[in-house]
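Scroll down for the structure; my scribbles are underneath it.
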Amino acid sequence: MADLTRLPGTASLDDVIAVIDRDGGVIVEGFLPPEVIAELKAELLPKLEACSAGRDDFSGFQTRRMSALFAKSRRVADVAIHPLFLGAAEHFVNRPVVYGSGEHARSVRPGLRIGGTQMIQIGPGEGAQPLHRDQWAMLWRYPDYGRQVRVQITLAVSDFTEKNGATQVVPRSHTWNDERVADPSEAVSAAMTAGSALLFLGSTHHGGGTNRTADQYRTGLTMGLDSAAVRQEENLYLALSSEVVKSYPEQIQRLLGWSYMPETYMGWVEIDGEMADPIRLLG
Ligand SMILES: O=C(O)CCC(=O)C(=O)O
Ligand SMILES: [Fe+2]
């Protein structure tokens, strides 16, 4: 299986899109500068230490997961609005869709929402996570549904190596039908240095890798940018207080779910007896 393509952090959005379109994923080297990674580590790693490991082979028996990251480090916003990540999500997910029929047919872009945030630390001795498509969380089928529902990022917070559990990705699996099973022999390792990131589609088969080291912890930060027409995988309304959401710029507030689609009213909240945009509740 051909390796994943690597592009520098200075690559154009068009180049990133072209590779994702062809392979289902791409590695962007130097996605965030070392200072930002250092801050993320300083703020998040001590809290992650307090998290316990998972309970099954999907969440990982030697793997710690921590969510609600926007409440824990402001630098997480740097990931969400990075032009290559947000730009790729705009391209693949926020595409016009026609709804309604006959004279009521309209075209609308669904908008984007952060589907979830998680720090994932794969510890020594962890086995491989089953290969999967993240869009299965939304019971989404692609290519059947004809559109992508998610662009996902895994930012390497530590170095990712073939030995320490780098994410396994099946290149070009994003176009497969849902009946086709991904075999581990078809996967390649998203080996990358801290600060680099793997961008991939909700339809791309992938999974956490086996950690064959005795003492290395592989730490990644994941986030999905999803269609705003589906439910967020992480319940961010419950995970983040309105005070936390309020402390971010409006662009982030909307991405966190405090927004609606005026054309279809999707996501409204009642304010003064009207179906209104929830952003108004934040003042
Ligand atoms: O941490 C990883 O490398 C992948 C984890 C993953 O794909 C998941 O939990 O859905
Ligand atoms: Fe996944």
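The values are calculated or read from the model by the stated rules, or taken from the named source; none is laboratory data. What you see is a predicted model; the values in this text were computed from it and never measured. Neighbour counts are summed over all protein chains in view; Cβ atoms, including those assigned to glycine, are modelled from backbone coordinates with ideal geometry. When the accessible area is computed, the model is the full protein with side chains, heavy atoms only, and any ligands, DNA or RNA have been set aside. Shrake-Rupley method; radii C 1.70, N 1.55, O 1.52, S 1.80 Å.
Residue-wise test of (1) part of a loop (DSSP other than H, G, I, E, B); (2) in contact with a His (Cβ under 6 Å, 6 or more places away or on another chain); (3) within 30 Å of Asp144 (Cα to Cα).
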{"position": "Thr204", "(1), (2), (3)": "yes, yes, yes"}
{"position": "Gln216", "(1), (2), (3)": "yes, no, no"}
{"position": "Thr222", "(1), (2), (3)": "no, no, yes"}
{"position": "Asp226", "(1), (2), (3)": "no, no, yes"}
{"position": "Arg231", "(1), (2), (3)": "yes, no, yes"}
{"position": "Val245", "(1), (2), (3)": "no, no, no"}
Q) Can you tell me which residues in the stretch 1-27 are of a type in the set (D, E, K, R), outside any helix (DSSP H, G or I) and surrounded by 15 or more Cβ atoms within 10 Å (Cβ to Cβ)? A) Arg6
Q | Filter result (open to solvent by less than 30 Å² (accessible area, probe 1.4 Å), among the aromatic types (Phe, Trp, Tyr) and closer than 30 Å to Val108 by Cβ) within the stretch 138-188 | A | Trp176
Q: Pick out the one residue from Ala182, Ala137, Ala166, Ala190 that is within 14 Å of ligand 2 (Cβ to nearest atom) and over 19 Å from the mean Cα position of the chain (by Cα).
A: Ala182
Q | Candidate set from the stretch 209-233 (those that are open to solvent by 10 Å² or more (accessible area, probe 1.4 Å) and within 12 Å of ligand 2 (Cβ to nearest atom)); member that is farthest from Gly60 (Cα to Cα) | A | Glu233
Q) Within the stretch 112-132, restricting attention to residues that are in contact with a helix residue (DSSP H, G or I) (Cβ under 8 Å, 6 or more places away or on another chain) and assigned to a loop (DSSP other than H, G, I, E, B), which residue is modelled with the lowest pLDDT? A) Ala128
Q: Among the residues of the stretch 6-58, count how many are under 18 Å from Gly220 (Cβ atoms), touching a Phe, Trp or Tyr at 6+ places or on another chain (Cβ under 8 Å) and modelled with pLDDT under 95.
A: 2
Q. Looking at Gly146, Gly123, which one is of a type outside the set (D, E, K, R), touching a Phe, Trp or Tyr at 6+ places or on another chain (Cβ under 7 Å) and more than 16 Å from ligand 2 (Cβ to nearest atom)?
A. Gly123
Q | Subset tally (residues that are within 16 Å of ligand 1 (Cβ to nearest atom), more than 17 Å from the chain's Cα centre (by Cα) and open to solvent by less than 60 Å² (accessible area, probe 1.4 Å)) for the stretch 35-58 | A | 6
